[in-house]
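Notes follow once the structure below has been shown.
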Amino acid sequence: MKIAVLPGDGIGPEIVAEAVKVLHALDLSFELETAPVGGAAYAALGHPLPESTLKLAQESDAILFGAVGDWKYDTLDRHLRPEQAILGLRKNLGLFANFRPAICYEQLVNASSLKPELVAGLDILIIRELTGDIYFGQPRGRRIAADGHFPGAEEAFDTMRYSRPEIERIAHVAFQAARKRSKRVTSVDKANVLETFQFWKDVVTEVSLQYPDVTLDHMYVDNAAMQLVKAPKKFDVIVTGNMFGDILSDEASMLTGSIGMLPSASLNANNKGLYEPSHGSAPDIAGKGIANPLATILSAAMMLRFSLNQLDSAQRIENAVSKVLAQGLRTADIYSEGTTRVSTIEMGDAVVKALR
Ligand code: IPM
Ligand code: MG
């Protein structure tokens with residue numbers, strides 16, 4: 001088993017180091033190879049996704065990814081910005097199925113910005129399509145408007161699009177995931193306004209006929225955003241497009257107490273996967289030793305389960321995370337009175353200890 005380790009920018013290196021520590025503590029044999037990505041790769045090699053890093057990712061069985069992005073690079077041309085690294089990996093490896101579970105650990109109900117009774121026991125799974133939609137649609141660019149409200153004015157445009165096979169394959173992923181849970185899927189769209197999402201809704205409905213045991217409902221994205229903070233436990237599996245999934249998964253993360261708790265898996269058709277925390281590079285807290293490594297550690301658990309077929313080890317990590325939370329250990333983002341504040345490294349060490 002070969003794992004590509006891509007720490008990236010900001011807090012990326014700190015949190016990935018803790019996840020690597022946890023992986024080593026499992027006594028499994030795998031080869032880990034580290035490569036630069038994002039702003040760090042631009043600084044070292046002149047490109048956010050260097051050929052050598054992409055090649056390593058392609059040759060590995062799985063990829064453990066930290067985070068990319070730093071204000072330092074915001075003025076670069078778009079194709080050189082750190083974010084292009086993660087977008088390029090998703091596209092090049094065909095990682096179309098993004099799993100973002102939002103689970104509220106019993107010990108963290110008070111860390112959520114919502115009332116404890118709304119989030120206690122929360123366990124939802126957002127399945128975000130990751131290689132299509134307005135994120136990748138062509139054409140896009142800037143031009144002088146030929147028509148519209150201000151002909152002759154400078155304008156920018158992007159293209160929202162989904163093909164039938166793209167919708168079908170993510171719908172299958174969602175229905176299959178729902179079968180292993182409470183057999184309910186909510187498809188989130190904007191069919192009342194957008195052609196792309198009327199098509200999305202139609203195709204998801206067609207695919208659902210192959211899963212008579214799973215209940216499908218549809219919700220407009222604005223309503224879904226509201227329901228997520230009103231009654232989040234009504235959801236089980238949510239399937240949606242790339243952009244809506246980006247937004248709703250950040251929203252859902254806060255239900256769990258902190259975005260620092262949310263892992264993710266991005267899989268291609270062969271179950272090859274990239275595993276990363278759902279949060280970003282947080283350059284404002286980088287290097288201070290206060291970042292929460294749990295989302296990355298839990299992403300490593302997802303990697304063991306989905307790509308490396310090490311179900312026991314995955315479960316051991318998840319149990320260890322529960323245990324350290326039960327011991328009252330908290331990084332700054334999930335700290336509350338009466339708990340013990342620990343650093344990034346101390347949290348990683350505690351997870352390793354809890355594994356034993
Ligand atoms: C995410 C991030 C990325 C996205 C950025 C960094 C390009 O927000 O993984 O959710 O928009 O997909
Ligand atoms: Mg996002």
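Key figures for this structure:
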quantity	calculated
Any chance residue 208 is in contact with a Leu (Cβ under 9 Å, 6 or more places away or on another chain), within 20 Å of residue 264 (Cβ to Cβ) and not aliphatic (A, V, I, L, M)	no
All positions within the range 266-275 that are away from ligand 2 (no atom under 15 Å from the Cβ) and either aromatic (Phe, Trp, Tyr) or surrounded by 24 or more Cβ atoms within 10 Å (Cβ to Cβ) (or both)	273, 275
Scope the range 11-34; condition under 29 Å from residue 74 (Cβ atoms), touching a strand residue (DSSP E or B) at 6+ places or on another chain (Cβ under 6 Å) and either part of a loop (DSSP other than H, G, I, E, B) or open to solvent by 10 Å² or more (accessible area, probe 1.4 Å) (or both); matching residues	13, 34
Boolean, residue 295 is without any contact (Cβ under 8 Å) to a residue 60 or more places away in the chain, open to solvent by less than 10 Å² (accessible area, probe 1.4 Å) and either in a helix (DSSP H, G or I) or in contact with a Phe, Trp or Tyr (Cβ under 6 Å, 6 or more places away or on another chain) (or both)	no
Qualifying residue in the range 35-49 (condition: closer than 29 Å to residue 141 by Cα, touching a strand residue (DSSP E or B) at 6+ places or on another chain (Cβ under 7 Å) and within 16 Å of ligand 2 (Cβ to nearest atom))	yes
Of all residues making up the range 109-152, the number that are among the small types (Gly, Ala, Ser), in contact with a Phe, Trp or Tyr (Cβ under 9 Å, 6 or more places away or on another chain) and under 28 Å from residue 184 (Cβ atoms)	2
Scope the range 215-229; condition open to solvent by less than 70 Å² (accessible area, probe 1.4 Å) and not in a helix (DSSP H, G or I); matching residues	216, 218, 219
Some residue of the range 280-291 being under 13 Å from the mean Cα position of the chain (by Cα), modelled with pLDDT of 95 or more, more than 16 Å from ligand 2 (Cβ to nearest atom) and at negative phi	no
Identity of the residue in the range 240-257, open to solvent by 10 Å² or more (accessible area, probe 1.4 Å) and more than 10 Å from ligand 2 (Cβ to nearest atom), that ends up nearest to residue 336 (Cα to Cα)	254
Any hit, the range 190-201, residues being more than 27 Å from residue 113 (Cα to Cα) and among the β-branched types (Val, Ile, Thr)	yes
The range 154-190, subset outside any loop (DSSP other than H, G, I, E, B) and aromatic (Phe, Trp, Tyr), residue nearest to residue 267 (Cα to Cα)	175
Within the range 230-279, tally of residues that are within 12 Å of ligand 1 (Cβ to nearest atom), charged (D, E, K, R) and outside any loop (DSSP other than H, G, I, E, B)	3
Close pairs from the range 68-83: first under 11 Å from residue 42 (Cβ atoms) and open to solvent by less than 100 Å² (accessible area, probe 1.4 Å), partner outside any loop (DSSP other than H, G, I, E, B) and more than 13 Å from ligand 1 (Cβ to nearest atom), Cβ under 7 Å, at least 6 apart	73/42; 80/42; 82/42
Residues (part of a loop (DSSP other than H, G, I, E, B) and open to solvent by less than 40 Å² (accessible area, probe 1.4 Å)) located in the range 337-356	339, 342, 343
Which listed residue is within 30 Å of residue 337 (Cβ to Cβ) and in contact with a helix residue (DSSP H, G or I) (Cβ under 6 Å, 6 or more places away or on another chain), from 191, 120, 171	120
Which numbered condition residue 209 misses (of (1) touching a residue at least 12 places away in the same chain (Cβ under 8 Å); (2) more than 19 Å from residue 117 (Cα to Cα))	(1)
Among the residues listed as 171, 145, the single one being under 14 Å from residue 239 (Cα atoms) and either in contact with a His (Cβ under 7 Å, 6 or more places away or on another chain) or open to solvent by less than 20 Å² (accessible area, probe 1.4 Å) (or both)	171
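The values are calculated or read from the model by the stated rules, or taken from the named source; none is laboratory data. Fair warning: this is a prediction, and the values are worked out from it, not measured in the lab. Methodologically, a virtual Cβ is constructed for each residue, glycine included, from the backbone with ideal geometry; neighbour enumeration extends over all protein chains shown. The area values use the complete protein model at the heavy-atom level, side chains included, leaving out ligands, DNA and RNA. Shrake-Rupley method; radii C 1.70, N 1.55, O 1.52, S 1.80 Å.
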